[in-house]
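Enquirer: Pasting a structure below so you can have a look.
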Amino acid sequence: TPNAATVRGYQMGDPLSWIHWPISARRDSLYVREFDQDAAGDIWILLDCQADVQLGKGAAGTIEQAILLGAALAVQALRKNRAVGLAGYGRSPQIVYTGKGAGQQWRILRALALLDAEGSTSLQAAMQDLSRIAKRGTAVIIITPTGRADWLPELVRLTQRGAESHVVLLDRQSFGGEENSAGLKTAVRQLGFPC
């Protein structure tokens, strides 16, 4: 969007074209424009591939369901001409930077095919890494079967950095787990995130 909402201090890596010269001159320091978030911004899909939180095997497992959901969401968004990226931290991380078109769809589907549920990266660490990659105004869809709540503070920080976050929480009991995911779902919603 071309609409500047406010200004903030210049940070290394900010484009020079964002510098607001009149305010920078008045304050004797560099300031850049912050733009309104675009409702049609980039979308990142983050899959939780940590081995400790997965349930089930094969097509009935949580990782396969997460991959199917990720593929469906990516294809749907790409068909609407949205830029989509993918992050999954399995044994070998699969990161596909945002892009549009049929080529991007095949890059994402290839990365999803290579994902496994043998990762050691926690959801919290994956979100921290994604927050360094994702631009301000990005929508992040987090798909996870976790029953833990230790990643919720990072979810809040991700939003404070300018990302709009959504959570797809796979119900652990549906996959043979003993824990009920309803409490975590309520906690996510109380923080103000769609779940």
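The values are calculated or read from the model by the stated rules, or taken from the named source; none is laboratory data. In this text the structure is predicted, and so the values were computed from the model without any measurement. Virtual Cβ from ideal backbone geometry, glycine too; neighbours counted across all protein chains shown. Protein only, heavy atoms only, side chains kept; ligands, DNA and RNA dropped before computing areas. Shrake-Rupley method; radii C 1.70, N 1.55, O 1.52, S 1.80 Å.
Enquirer: Would you pick out the residues in segment 129-154 that are open to solvent by less than 10 Å² (accessible area, probe 1.4 Å) and more than 9 Å from Leu46 (Cβ to Cβ)? Lay out the reasoning, then the answer.
Expert: Of segment 129-154, the ones open to solvent by less than 10 Å² (accessible area, probe 1.4 Å) are 130, 138, 140, 142-146, 151, 154.
Passing the criteria: Thr138, Pro145, Thr146, Trp151, Glu154.
Enquirer: For segment 110-128, what are the residues that are open to solvent by less than 50 Å² (accessible area, probe 1.4 Å) and within 19 Å of Leu73 (Cα to Cα)?
Expert: Quick first cut of segment 110-128, residues open to solvent by less than 50 Å² (accessible area, probe 1.4 Å) only: 111-112, 115-117, 119, 121-123, 125-127.
Answer for segment 110-128, where residues must be open to solvent by less than 50 Å² (accessible area, probe 1.4 Å) and within 19 Å of Leu73 (Cα to Cα): Ala111, Leu112, Leu115, Asp116, Met127.
Enquirer: Just to be sure I understand, how many residues within segment 165-195 are surrounded by fewer than 17 Cβ atoms within 10 Å (Cβ to Cβ), in contact with an Asp or Glu (Cβ under 9 Å, 6 or more places away or on another chain) and assigned to a loop (DSSP other than H, G, I, E, B)?
Expert: Summing the residues that are surrounded by fewer than 17 Cβ atoms within 10 Å (Cβ to Cβ), in contact with an Asp or Glu (Cβ under 9 Å, 6 or more places away or on another chain) and assigned to a loop (DSSP other than H, G, I, E, B) in segment 165-195 gives 1.
Enquirer: Quick check on my filter: what residues within segment 58-87 are polar (S, T, N, Q), touching a helix residue (DSSP H, G or I) at 6+ places or on another chain (Cβ under 8 Å) and assigned to a loop (DSSP other than H, G, I, E, B)?
Expert: none
Enquirer: Restricting attention to segment 92-109, which residues are open to solvent by 10 Å² or more (accessible area, probe 1.4 Å) and either of a type in the set (Asp, Glu) or part of a helix (DSSP H, G or I) (or both)?
Expert: Kept after step one, since they are open to solvent by 10 Å² or more (accessible area, probe 1.4 Å), are these residues of segment 92-109: 92-103, 105-107, 109.
Residues satisfying the conditions are Gly101, Ala102, Gly103, Gln105, Trp106, Arg107, Leu109.
Enquirer: What is the one condition in (1) farther than 21 Å from Gly147 by Cβ; (2) among the aromatic types (Phe, Trp, Tyr); (3) open to solvent by less than 60 Å² (accessible area, probe 1.4 Å) that Tyr89 does not satisfy?
Expert: (1)
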